[in-house]
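Since the structure comes first, as structure tokens, the remarks are kept for the end.
Values in this text are rule-based calculations from the coordinates and carry no lab data. What you are looking at is a predicted structure, and each value in this text was computed from that prediction instead of being measured. As a convention, Cβ positions derive from the backbone with ideal geometry for all residues, glycine included, and neighbour counts pool all protein chains shown.
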Amino acid sequence: MKTYVKGKFSGEFDSSQEITLLHILRWKVLQNPKFSLSRTNTKTVPLEVVKNVVALNQKEDFICWLTHASFLIQLGGKRILIDPVFGDIPLYKREIKAPYSVEELGKIDYLLISHTHYDHFDKASLLSIEFMKPHAIIPLKMSPLLKKVAPSISSQELDWYESYQNKELKITLVPARHWSRRSIFDKNAVLWGGYVISYKDRSIYFAGDTAYGTHFEEIGKRYNVDVALLPIGAYRPEYIMKNNHLDPQEAFNAFEQLQAKRMIPMHYGTYKLTDEPLDEPLKWMQEIDKTSLGKINFLKGGEVLCL
């Protein structure tokens, strides 16, 4: 499935090998930046953001979408923060405000980071939660980078399908078809992935960043997924992004392959990372939802969904 040779991870789920310099030049230099194959009206509607601090302090289990790929999950009384990114990132500004301050998030027991790309591993956001001293569950070879950014955060690295367990709470790193990089010379020096978070008979799957692949069916066979948190944005131009991200239809196909009970879309409406209009992924997903029998839960930024 993967190899680790000369300090680099590679294999069938390494999508970086599908991207060439020619692809990047074609996108950034040759392609008309005004071109957009929109499925919706040209007027972009900002993502709606709400605040409910009272709901964040409840005792019941919940999922809160903090926009983009950031989530706060309470499961079995433990609070789990995933891929926290609260502000601007290099080259991209937030199109909407973060719904909560760090103080309003409350205590964080565990920190999960899916990979090292700047919209998932954000130095400023990690520094802002360091005082909470969460225990980080991270992919292989990420510890030195995390220690450099936030020295007081303890961590445990996982390989794909390895788990961290504390009593009835179990966190497992699972494969994703993607890659990692933060600079010119460190491509795939750190593993990437998604997570399955389980407590008793309840399981939540967080996909991280991923393109479509056979891993969804395999994860569905191994775990009884109640809620799948799946990315639906950053998919144009297709000749580059199809090997890195899911479009809404691919995300729904992945949801069906997972055989999950419910789906929460993510990774859209927060940063203008790619060519599609900012609100297109949501509108496309809403069209798909008309035939999904109500299995898709669309959360506003900051909204809390009780489990």
In whole angstrom, note down how far apart the Cα centers of the range 237-307 and the range 130-193 are. 25 Å
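Suppose we keep just the DSSP beta bridges with both residues in the range 49-306; what percent of those would be antiparallel, to 5?
On the way: 28 of 48 bridges.
Approximately 60 percent, going by the DSSP bridge assignments.
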Explain nothing, just the number: relative contact order of the chain, from Cα pairs under 8 Å at least 6 residues apart, as a whole percent. 22 percent
Where does the chain land at 222 nm, in deg cm²/dmol rounded to the nearest 500, when only DSSP H runs of n ≥ 4 count, each adding -39500 (n - 2.57), divided by all residues? -4500 deg cm²/dmol
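Past the 19 Å Cα-Cα mark, which pairs from LYS8/LYS170; LYS133/LYS187; LYS2/LYS167; LYS97/LYS300; LYS59/LYS200?
LYS8/LYS170; LYS133/LYS187; LYS2/LYS167
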The range 193-307 - Debye-derived log10 I(q)/I(0), Cα point model, q = 0.22 Å⁻¹: -1.31
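Per 0.36 nm of contour for each residue apart, how much would the distance between ALA124 and ARG222 grow if the chain were fully extended, relative to their Cα-Cα spacing? Don't skip to the answer; put the middle values down first.
Values: separation 98, 0.36 × 98 = 35.28 nm, distance 3.55 nm.
This chain segment gains 31.7 nm when fully extended.
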Burial order of peptide ranges 104-111, 78-85, 293-300 (average beta-carbon count within 10 Å, highest first): 78-85, 104-111, 293-300
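Could you give the length gained by full extension between GLU256 and TYR92, i.e. 0.36 nm per residue of separation minus their alpha carbon distance, to one decimal place?
55.8 nm
Please give the length that would be gained between ILE184 and CYS306 if that part of the chain were fully extended, namely 0.36 nm times their separation in residues minus their C-alpha to C-alpha distance (nm, one decimal).
Numbers: separation 122, 0.36 × 122 = 43.92 nm, distance 4.20 nm.
Stretched fully, the ILE184-CYS306 segment lengthens by 39.7 nm.
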Per-residue counts of other Cβ atoms within 10 Å, averaged by peptide: what ranking do you get for 168-181, 128-141, 147-160, highest first? 168-181, 128-141, 147-160
With R₀ set to 51 angstrom, the calculated FRET efficiency between the beta-carbons of ASP201 and LYS8, to the nearest 0.05, is 0.85
Using Stokes-Einstein with the Kirkwood hydrodynamic radius over Cα pairs, what translational diffusion coefficient do you get for the chain at 25 °C and a viscosity of 0.890 mPa s, in µm²/s rounded to a whole number? 126 µm²/s
